[in-house]
Amino acid sequence: MPRSEFATRNQVKARPKASPEPLLLGRYPTPVQRIGAFSTPQCDFWVKRDDLTNEVYGGNKVRKLEWLLAEVLASGAKRIVTIGAAGSHHVLATTYFGTRAGLQVEAVLVSQPRTDHAVEVLRASIGLGLRAFPAPSWAAAPVVFAVRVLAGARPVAAGGSSVSGSMGYVGAARELATQVRQGLVPEPDVCVVPLGSGGTAAGLAAGFEAEKLKTRVVAVCVLGPAWLLRLRLIRLARACAKRAGLVARSLSPARIAVDDRFVGNGYGWPVLVADEATREAREAAGLVLDPTYTAKAFAAALWQARARRATCVLYWHTLSSAPMHRLLKGSPEESALAPALRRLFS
């Protein structure tokens, strides 16, 4: 799918000369939208609609995979392996776009709490041709992953959050900076995103630094521990800044805040305040959230606005809003999944 000239220019600006041209998977720029129901005289509430990056399967993984799959294809590899939870959006996106690029896609999968959405994501991934390798725990997953790499599959980082994948969000930050300069959105004080593997938050932080925006990234933990996630996030953001042509140390840790108040019982487990945020987002803005990532991030964004911690809050919507029925066509029912896969849902 062709991208706009604007988005191509941004990607090229952030790409080092030795890197291959990113693939053309998305539609850019994605819209920015003011949500009046959540805005006050003291604070504007905006949404960056990365749920619309692709009409079949959107969300934040599209920008990452443009860079990652380009590198894989340039290497001549025919098979890739990644890692994620049973209902991983990254695994689904990698399967969809990877198979369309002619690659065989494998994934090491670990357990997560069962929701209808998570089951649908796994069913769609299997139906699209994913070869799934269940792991008994996150601790065991790297061993299973290493076995697949030794068997010849090229590794793709969890969540697509290598430096290469995160460069997609350096370009996204540049895209937002252009929208700010065009007067389409005020310059945000904070940009709120979920924090799992960290690539989205890291790329945005580096991109905001490169564009000299005042915007701080508020990364909302979906798992713990927060101190380790913050350490990894700052390292990744500085690596992205360096690759974007900045002095890595010019990116201050103050550019990034980590919010761990919405983790609850851990990855994939719902939180009451996030459930309420899901209802509000649906009724007031027509946004669909998932309990694992976006509901917790949206709850944090609402808190930022209601606590008057900023005059302009931007929530970056990372979950695909494309109807799942296209991807579920021909996929197996849950009862037809291999027993080892069904057991991944606790």
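The values are calculated or read from the model by the stated rules, or taken from the named source; none is laboratory data. Every value quoted in this text rests on a predicted model; they were computed, and no experiment measured them. In this analysis, Cβ positions are derived from the backbone assuming ideal geometry, glycine residues included, and neighbour counts consider all displayed protein chains.
Structure above, values below:
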| quantity | calculated |
| --- | --- |
| Pairs with Cβ under 6 Å, 6+ apart, first in segment 80-109 and closer than 17 Å to Pro291 by Cβ, second of a type in the set (Val, Ile, Thr) | Gly84/Val91; Ala85/Val110; Gly87/Val121; Leu92/Val121 |
| Failed item, numbered, when Ser320 is tested on (1) small (Gly, Ala, Ser); (2) assigned to a loop (DSSP other than H, G, I, E, B); (3) out of contact with any Phe, Trp or Tyr (no Cβ under 9 Å at 6 or more places or on another chain); (4) closer than 20 Å to Asp50 by Cβ | (3) |
| Subset of segment 122-168 [among the β-branched types (Val, Ile, Thr) and touching a residue at least 40 places away in the same chain (Cβ under 8 Å)] | Ile126, Val149, Val156, Val163 |
| Options Gly203, Gly171, Gly183: the member that is among the small types (Gly, Ala, Ser), farther than 15 Å from Asp50 by Cβ and in the same structural domain as Ala237 (by TED's automatic domain parsing) | Gly183 |
| In segment 109-124, the residues that are under 11 Å from Tyr267 (Cα atoms) and of a type in the set (Gly, Ala, Ser) | Ser111 |
| Complete set of residues in segment 323-335 that are over 22 Å from the mean Cα position of the chain (by Cα) and either assigned to a helix (DSSP H, G or I) or in the same structural domain as Ala172 (by TED's automatic domain parsing) (or both) | Glu334, Ser335 |
| Count - residues of segment 274-293 that are over 17 Å from Leu195 (Cβ atoms) and either outside the structural domain of Lys214 (by TED's automatic domain parsing) or surrounded by fewer than 23 Cβ atoms within 10 Å (Cβ to Cβ) (or both) | 12 |
| Residues of segment 149-175 satisfying the condition of being aliphatic (A, V, I, L, M) and under 16 Å from the mean Cα position of the chain (by Cα) | Val156, Ala157, Ala158, Val163, Met167, Val170, Ala172, Ala173 |
| Failed criterion for Arg279 (all others in (1) of a type outside the set (Val, Ile, Thr); (2) more than 20 Å from the chain's Cα centre (by Cα); (3) not in a helix (DSSP H, G or I) hold) | (3) |
| Any hit, segment 294-311, residues being in the same structural domain as Gly168 (by TED's automatic domain parsing), hydroxyl-bearing (Ser, Thr, Tyr) and in a helix (DSSP H, G or I) | yes |
| Residue that is surrounded by the most Cβ atoms within 10 Å (Cβ to Cβ) [pool: residues in segment 57-85 that are in a loop (DSSP other than H, G, I, E, B) and either within 16 Å of the chain's Cα centre (by Cα) or among the hydroxyl-bearing types (Ser, Thr, Tyr) (or both)] | Asn60 |
| Any hit, segment 96-117, residues being closer than 18 Å to Ala336 by Cβ and surrounded by fewer than 18 Cβ atoms within 10 Å (Cβ to Cβ) | yes |
| Failed condition for Glu187, given (1) buried (at least 18 other Cβ atoms within 10 Å of the Cβ); (2) touching a helix residue (DSSP H, G or I) at 6+ places or on another chain (Cβ under 7 Å); (3) closer than 29 Å to Tyr315 by Cβ | (1) |
| Residue within segment 260-272 that is more than 27 Å from Gly207 (Cα to Cα), assigned by TED's automatic domain parsing to the domain that holds Glu209, of a type in the set (A, V, I, L, M, F, W, C) and part of a helix (DSSP H, G or I) present | yes |
